[in-house]
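Student: For reference, the structure I am asking about is given below.
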Amino acid sequence: MMMSLILRILFVFAGAVTALFVARDALNFTIIQTFVAILLMTAVVALGSLWSLRRKV
């Protein structure tokens, strides 16, 4: 349930970012949206790990 909610929010942001660069009716919109979602998730995980390193020092 919680993971589904996180993924939905992530895909909403990814859809908004992707729509800035690609038309929504393009055939590869969902592929690019998924790629952007993966990049956003990677950025969130990286920021979380850097934040935890900052707190330890």
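Student: Just the residues that are open to solvent by less than 70 Å² (accessible area, probe 1.4 Å) and among the aromatic types (Phe, Trp, Tyr), please, taken from the range 1-29.
Tutor: Passing the criteria: only 29.
Student: Based on this model, can you work out whether residue 41 counts as open to solvent by 100 Å² or more (accessible area, probe 1.4 Å), out of contact with any Phe, Trp or Tyr (no Cβ under 7 Å at 6 or more places or on another chain), without any contact (Cβ under 8 Å) to a residue 40 or more places away in the chain and not hydroxyl-bearing (Ser, Thr, Tyr)?
Tutor: no
The values are calculated or read from the model by the stated rules, or taken from the named source; none is laboratory data. None of these values were measured; they are calculated from a predicted model. Cβ: placed from backbone, ideal geometry, glycine included. Neighbour counts: every protein chain shown. When the accessible area is computed, the model is the full protein with side chains, heavy atoms only, and any ligands, DNA or RNA have been set aside. Shrake-Rupley method; radii C 1.70, N 1.55, O 1.52, S 1.80 Å.
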